[in-house]
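Inspection log for the structure reproduced underneath, given as structure tokens.
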Amino acid sequence: MMAEDIPPLAAEIRRRIAATGPMPVSEYMELCLSHPAYGYYMTRDPLGRAGDFITAPEISQMFGELLGLWAAEVWRLMGQPSAVSLIELGPGRGTLMLDALRAAKAVPEFRNALTAHLVETSPALRQRQRETLSSLNATAQWHDQLADVPEAPSIILANEFFDALPVNQVVRQSSGWHERIVDVDARGRLAFGVAAEPLRLFEQTLPLAVRAASLGTIYEWRSDHMVLEMSRRIVHAGGAALVIDYGHTQSADGETLQAVRDHAYSDPLAAPGLADLTAHVDFEALAFSADCIGARTHGPVEQGIFLRRLGIDTRATALKAVAPQAVASQIDLAVDRLTGGGKTGMGTLFKVMGLSDRGLERLPGFDHAS
Ligand code: SAH
């Protein structure tokens with residue numbers, strides 16, 4: 001790559017490494033996604049067919065509609081509080097919230113009780129969300145972080161949010177577990193490395209299944225502040241949350257950090273700030289943190305099963321009844337994509353986990369009988 005082609009964030013990261021030494025993978029990921037000037041989400045709208053990746057709400061309106069009706073049912077189970085916050089974390093283009101609010105009109109008492117709150121760090125995506133919601137004349141409040149949302153009975157939605165939170169990586173060596181770092185190599189390029197000193201006693205934080213890992217194994221972990229804050233809120237003021245993401249139901253070793261640019265995988269170090277960086281969500285770790293703070297956890301279940309229990313097939317049939325043939329086959333394709341397995345399907349790769357206060361023993365979609 002010619003010097004003038006170096007992305008500005010790559011130059012900034014090299015400057016930082018030259019000044020203070022190699023950085024942990026989590027710091028690199030945080031800079032790539034959220035650097036105020038050059039972070040991937042900060043300046044652009046990367047979603048949709050023309051962008052780098054497509055998310056479930058962008059595939060079909062059915063996704064947000066079903067979650068809106070899920071929220072209405074949860075509100076009923078909560079005892080129909082006269083004021084409830086519908087909070088979305090990382091709302092992207094605002095499509096999920098738009099579809100959820102439209103569907104919520106089917107339960108007018110719920111629609112009247114709710115205030116929409118969007119937690120979003122990116123100015124570009126906030127603008128996009130405002131435009132999306134204006135088509136419904138819906139009012140909403142925006143916040144930089146969940147801690148800024150007023151404390152109230154809440155229903156929290158997080159779709160493809162946790163996978164974008166910075167992940168730490170550690171590498172098993174004979175001397176113990178070492179932090180994986182980003183450094184500059186002899187040719188001046190960004191390269192992964194391993195910290196010289198082990199993380200003292202780190203092994204004690206690991207799930208038993210991972211402790212015996214062979215040399216060179218990578219293990220990923222995330223800060224749990226986000227799930228703790230979500231859980232604390234719903235335990236304190238009542239309510240429930242839904243975490244939808246790709247990931248594993250049990251903690252396991254292995255590297256899942258990946259970069260996507262123009263719908264294709266790329267080298268995570270090649271173009272910092274220009275590619276999306278994500279890593280799988282460890283649902284067992286999320287459930288452990290939620291449990292520690294007193295929340296009830298539900299699932300996880302596969303997205304395909306969850307959406308079927310919420311009635312995606314019935315919704316698709318209703319939409320198709322009033323749609324021209326070409327649109328009807330798109331609806332079928334969308335159902336396949338959202339619920340199916342295989343390489344193109346999201347139905348088995350994506351998992352749904354519920355969190356609630358102890359008073360909510362059941363949440364819709366998690367109970368076989370529902
Ligand atoms: N939920 C949307 C978008 C997923 S992309 C959808 O399903 O289409 C991830 C979203 O999280 C983006 O809106 C991004 O700007 C936002 N985001 C990433 N890190 C964040 C953080 N720490 N706090 C709030 N929002 C964040």
How many residues, within segment 264-286, are closer than 14 Å to ILE244 by Cα and surrounded by fewer than 22 Cβ atoms within 10 Å (Cβ to Cβ)? 2
Which one of the conditions (1) under 24 Å from LEU333 (Cβ atoms); (2) touching a helix residue (DSSP H, G or I) at 6+ places or on another chain (Cβ under 7 Å); (3) open to solvent by 10 Å² or more (accessible area, probe 1.4 Å) does ASP52 fail to meet, given that it meets all the rest? (2)
Pick out the one residue from GLU109, GLU151 that is open to solvent by 50 Å² or more (accessible area, probe 1.4 Å), assigned to a helix (DSSP H, G or I) and not polar (S, T, N, Q). GLU109
Out of the residues in segment 28-49 meeting the condition of being within 16 Å of the chain's Cα centre (by Cα) and of a type in the set (Phe, Trp, Tyr), tell me which one is least open to solvent (accessible area, probe 1.4 Å). TYR40
Search result, residues across segment 260-310 that are more than 19 Å from the chain's Cα centre (by Cα) and basic (Lys, Arg): ARG296, ARG308, ARG309
Could you say which residue among ALA196, ALA158 is over 27 Å from the mean Cα position of the chain (by Cα) and not in a helix (DSSP H, G or I)? ALA196
Counting only helices (runs of 4 or more DSSP H) wholly inside segment 36-96, the ones holding at least 1 residues that are more than 8 Å from the ligand (Cβ to nearest atom) and closer than 18 Å to ARG315 by Cβ are 56-59, 61-77
May I ask you to say which residue of LEU118, LEU69, LEU77, LEU96 is surrounded by 24 or more Cβ atoms within 10 Å (Cβ to Cβ), modelled with pLDDT of 95 or more and either under 18 Å from SER154 (Cα atoms) or out of contact with any Ser or Thr (no Cβ under 9 Å at 6 or more places or on another chain) (or both)? LEU96
Could you figure out which of (1) over 15 Å from the mean Cα position of the chain (by Cα); (2) surrounded by 19 or more Cβ atoms within 10 Å (Cβ to Cβ); (3) touching a residue at least 60 places away in the same chain (Cβ under 8 Å); (4) within 9 Å of the ligand (Cβ to nearest atom) isn't true of LEU146? (1)
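The values are calculated or read from the model by the stated rules, or taken from the named source; none is laboratory data. Bear in mind the structure is a predicted one, so any value in this text is a computation, not a measurement. So basically every Cβ, Gly included, is an ideal-geometry build from the backbone, and we count neighbours across all protein chains shown. Ligands, DNA and RNA are excluded from the accessible area calculation, which covers all protein heavy atoms including side chains. Shrake-Rupley method; radii C 1.70, N 1.55, O 1.52, S 1.80 Å.
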